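Enquirer: Sharing a structure with you now.
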Amino acid sequence: MQPSPSSPRVRFGAFELNLQSGELFKHGRRIKLQTQSFLILASLLERPGEVLTRDELCQRLWPSDVFVDFEVGLNAAINRLRDVLDDSPEKPRFIETLPRRGYRFIAPLQQESLERIPPRVRSLAVLPLENLTGDAAQEYFADGMTDALITRLAQIGALRVISRTSAMHYKGTHKKLPEIASELNVDAVVEGSFARSGSQVRINAQLVHARTDQHLWARQYERELTDILVLQADVAGAIADEIRITLTPQERTRLASARTIEPEAYEDYLRGRFYWNKRTPEGLKKSLEYYRSSLERDPSYALAHAGLAECYNMMGYWGVLSPQEAYPLARSEARAAVEFDESSAEAHTALGWTLFAYDWNWPEAKKELDRAVRSNPGYATARQWLSHYWIYLGRKRESLDCVKHTLELDPLSLVMNSNAAFMYFFARDFDAAVERARKTIELDPHFAPPYLCLGQALEQKALFPEAIQAFDRGVVHSERAPFMLAALGHAYAASGNRSAALASLKDLEELSLRRYISPYYFAVLSAGSGEAENSLTWLEHALEDRSTWLTWLKVDPRFDALRGQPRLQALLCKIGLSS
């Protein structure tokens, strides 16, 4: 039996040898094999069941013009090979010794490894690349390369690719691949490593059918840092070819598209992405610095423009900057990103958010978000913003369909799980909101947003002590964020504790002397106290500010008592939410 040249992988027992790359795997994990030992194993596998003489092996291992003690070298290489295979000369499972003659491979070869039909792969996860540089400061680069591969592969509509935040839960994990595949509900896993030497970047990547531990593909790539985007395209294209998934012409073009980039610009972008993923006010500010630095080096880099737009959007939403400061900058950067790369899902997503959250241009926002989904069906953030778009319009079913997609793409993400809780809350499914918020808190008890949703849902169920407890914890974990103080004050007021509600109001008033506070928060507090006219006045101030939180107005249960008020209807009309 001779391995087919078109199928250079040979499997025996728990092992698989890639004759093309010279790599040996055990249960899908690569194990070290020295060159001479590899050549011996490859020679034996070419003629399984036949005797290879020592002379034949020596000629294969060492050319005639190389001086070496063949006998000593061959014995040492055979011993190393047996150590790797956990084999024994006395009771051989793989390599039989014929004294004074040679060696014979005696284990059966698995036929599917020679004429194999690849397992069906319709979903996969890219695990965090291992940093082999020995420099912990390079973790941002390893994470960035992982993120880039995920983004490339997620552009394939017929392939479900787990998003970055869920994949990062397995950074440094010792879990077995079948266990990871089961937790993420995927068919296959991409894992690998990266190393750098000067301006050279080397990526080792392998694709494993995780449920069976079958190794499907492995390859090493090495490029100059200027060609890092080309390297990413090559790896993603090779994986797509290996799993034999059907690509549309547009997908194939996007997958292969790449450009050279100034190395420092790319590294600054990766650092910006690293801090963006922390989703904290400090992280957003650091992210802005690196994105700006990236654009100083490469002004036409679309992803850096889109990154800036994302930062400004979230700063406007969470009140780090006022809406008038944040959103015009977000719009400008998003449009620049679209101009430099019309196919950028990140750019269309950022622009879509600005258009409905600040401009209240709902039709154009929908067009941008749809373009984002078409460009990259696996970009969870586009689906997340679509869930907001639909729920604010009162379209519960469409919003929750988007939520389902986000959780399929990013099941372990704090952001996506918290987002799901909020969408359930606005859909008036308060039990589901409580359940999802608590699941998010289990993932990370220090993440503040789910406490806001949990408290609001519990309050709607008239469970005031539990709601106030959730808000109290949220105040601590958000470092006294204004939106959390307003929610706490509303709960105190609704529960009849007027003195505690006034204390929350005083906290907000004192904060407003030092930073931007949305009038919407004061409207929430007034609504909790039953002060309808005062609440409406604050909402009108929020309109003047173009507060992002006004997009909640149609579906926020805390304003239900105002639904019949003409002033409220006028506000909804101006925001584009009257129908």
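The values are calculated or read from the model by the stated rules, or taken from the named source; none is laboratory data. Only a predicted model underlies this, so the values are computations on that prediction, with no experimental measurement involved. Cβ atoms come from the backbone with ideal geometry, glycine included; neighbour counts cover every protein chain shown.
Enquirer: Examine region 461-477 for a residue that is over 28 Å from Leu572 (Cα atoms) and either touching a His at 6+ places or on another chain (Cβ under 8 Å) or modelled with pLDDT under 95 (or both), and state whether such a residue exists.
Expert: yes
Enquirer: Which fully enclosed helices (runs of 4 or more DSSP H) of region 245-309 have 3 or more residues being within 27 Å of Ile156 (Cβ to Cβ)?
Expert: Values: elements: 249-256, 263-276, 281-297.
Answer list for region 245-309: 249-256, 263-276.
Enquirer: Of the conditions (1) surrounded by fewer than 23 Cβ atoms within 10 Å (Cβ to Cβ); (2) over 14 Å from the mean Cα position of the chain (by Cα); (3) not hydrophobic (A, V, I, L, M, F, W, C), Lys171 clears all except one; give me its number.
Expert: (2)
Enquirer: I'd like to verify a number: residues in region 193-222 that are closer than 19 Å to Ile31 by Cβ, of a type in the set (S, T, N, Q) and in contact with a helix residue (DSSP H, G or I) (Cβ under 7 Å, 6 or more places away or on another chain), how many?
Expert: 0
Each row is one residue, and each column tells you yes or no for (1) surrounded by fewer than 20 Cβ atoms within 10 Å (Cβ to Cβ); (2) of a type in the set (Phe, Trp, Tyr).
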residue: Ile106; (1), (2): yes, no
residue: Leu109; (1), (2): yes, no
residue: Asn131; (1), (2): no, no
residue: Ala137; (1), (2): yes, no
residue: Tyr140; (1), (2): yes, yes
residue: Met145; (1), (2): no, no
residue: Ile162; (1), (2): no, no
residue: Pro178; (1), (2): yes, no
residue: Gly198; (1), (2): yes, no
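Enquirer: Looking at (1) within 21 Å of Glu267 (Cα to Cα); (2) out of contact with any Phe, Trp or Tyr (no Cβ under 8 Å at 6 or more places or on another chain); (3) surrounded by fewer than 23 Cβ atoms within 10 Å (Cβ to Cβ), which is the one condition that is false for Asp213?
Expert: Here Asp213 clears every test but (1).
Enquirer: Next question, about the same structure. Kindly indicate the residue of region 217-226 that is touching a Ser or Thr at 6+ places or on another chain (Cβ under 6 Å) and crowded, with 18+ Cβ neighbours inside 10 Å and also farthest from Ala188 (Cα to Cα) among those meeting that condition.
Expert: Filtering region 217-226 down to residues touching a Ser or Thr at 6+ places or on another chain (Cβ under 6 Å) leaves 218, 224-226.
Still in the list and also crowded, with 18+ Cβ neighbours inside 10 Å: 218, 225.
Numbers: Ala218: 13, Leu225: 28 Å.
Checking each candidate, the answer is Leu225.
Enquirer: Here is a follow-up. Of the residues Gln155, Gln138, which is in the same structural domain as Arg223 (by TED's automatic domain parsing) and in contact with a helix residue (DSSP H, G or I) (Cβ under 6 Å, 6 or more places away or on another chain)?
Expert: Details: Gln138 fails: in contact with a helix residue (DSSP H, G or I) (Cβ under 6 Å, 6 or more places away or on another chain).
Residue meeting the stated conditions: Gln155.
Enquirer: In addition: Would you check which residues across region 378-393 are more than 16 Å from the chain's Cα centre (by Cα) and either at pLDDT below 95 or β-branched (Val, Ile, Thr) (or both) and list them?
Expert: Selection gives Ile391 alone.
Enquirer: Only one residue in Tyr291, Tyr317, Tyr301 is touching a residue at least 12 places away in the same chain (Cβ under 8 Å), closer than 28 Å to Pro519 by Cβ and surrounded by 18 or more Cβ atoms within 10 Å (Cβ to Cβ), so which one is that? Give the steps one after another, and end with the answer.
Expert: On the way: Tyr291 fails: closer than 28 Å to Pro519 by Cβ; Tyr301 fails: closer than 28 Å to Pro519 by Cβ.
Result: Tyr317 is the single residue among Tyr291, Tyr317, Tyr301 that is touching a residue at least 12 places away in the same chain (Cβ under 8 Å), closer than 28 Å to Pro519 by Cβ and surrounded by 18 or more Cβ atoms within 10 Å (Cβ to Cβ).
Enquirer: Also, I was wondering about something else. State the number of residues belonging to region 555-578 that are out of contact with any helix residue (DSSP H, G or I) (no Cβ under 8 Å at 6 or more places or on another chain) and acidic (Asp, Glu).
Expert: Residues of region 555-578 that are out of contact with any helix residue (DSSP H, G or I) (no Cβ under 8 Å at 6 or more places or on another chain), as a first pass: 560, 563-564, 566, 569-570, 572-573.
Among the residues that remain, those that are also acidic (Asp, Glu) are: 560.
Residues in region 555-578 being out of contact with any helix residue (DSSP H, G or I) (no Cβ under 8 Å at 6 or more places or on another chain) and acidic (Asp, Glu): 1 in total.
Enquirer: Could you grab me the full set of residues in region 317-344 that are modelled with pLDDT under 95 and not in a loop (DSSP other than H, G, I, E, B)?
Expert: Result: Tyr317, Trp318.
Enquirer: Taking only pairs six or more apart or across chains, which ones have beta-carbon atoms under 6 Å, a first residue in region 168-184 that is more than 13 Å from Ser123 (Cβ to Cβ), and a second residue that is not hydrophobic (A, V, I, L, M, F, W, C)?
Expert: Met168/Pro128; Lys171/Pro128; Leu177/Gly28; Pro178/Arg211
Enquirer: Since Ser413 meets every condition but one in (1) at pLDDT below 95; (2) surrounded by fewer than 21 Cβ atoms within 10 Å (Cβ to Cβ), which condition does it not meet?
Expert: (2)
Enquirer: Sticking with this one: What do you reckon, is Thr260 surrounded by fewer than 17 Cβ atoms within 10 Å (Cβ to Cβ) and in contact (Cβ under 8 Å) with a residue 24 or more places away in the chain?
Expert: Details: surrounded by fewer than 17 Cβ atoms within 10 Å (Cβ to Cβ): yes; in contact (Cβ under 8 Å) with a residue 24 or more places away in the chain: yes.
Answer is yes for this residue.
Enquirer: If Tyr516 satisfies every condition in (1) of a type outside the set (Gly, Ala, Ser); (2) touching a residue at least 60 places away in the same chain (Cβ under 8 Å); (3) in contact with a helix residue (DSSP H, G or I) (Cβ under 7 Å, 6 or more places away or on another chain) but one, which is the exception?
Expert: Among (1) of a type outside the set (Gly, Ala, Ser); (2) touching a residue at least 60 places away in the same chain (Cβ under 8 Å); (3) in contact with a helix residue (DSSP H, G or I) (Cβ under 7 Å, 6 or more places away or on another chain), Tyr516 violates only (3).
Enquirer: Looking at this structure, is Ser375 under 19 Å from the mean Cα position of the chain (by Cα) and either modelled with pLDDT under 95 or more than 28 Å from Lys171 (Cα to Cα) (or both)? Let's see the steps before the verdict.
Expert: Numbers: under 19 Å from the mean Cα position of the chain (by Cα): yes; either modelled with pLDDT under 95 or more than 28 Å from Lys171 (Cα to Cα) (or both): yes.
Taking the combined requirement at face value, the residue satisfies it.
Enquirer: Can you name every residue in region 166-184 that is under 18 Å from Leu414 (Cα atoms) and part of a loop (DSSP other than H, G, I, E, B)?
Expert: Lys171
Enquirer: Here is a follow-up. Taking into account only those residues within region 394-410 that are more than 18 Å from the chain's Cα centre (by Cα) and without any contact (Cβ under 8 Å) to a residue 24 or more places away in the chain, which is surrounded by the fewest Cβ atoms within 10 Å (Cβ to Cβ)? Write out each step before concluding.
Expert: Here is the first cut: in region 394-410, the residues more than 18 Å from the chain's Cα centre (by Cα) are 394-401.
Now narrow it down to the ones that are without any contact (Cβ under 8 Å) to a residue 24 or more places away in the chain: 395, 397-398, 401.
On the way: Arg395: 14, Arg397: 8, Glu398: 15, Asp401: 14.
Residue satisfying both the conditions and the ranking: Arg397.
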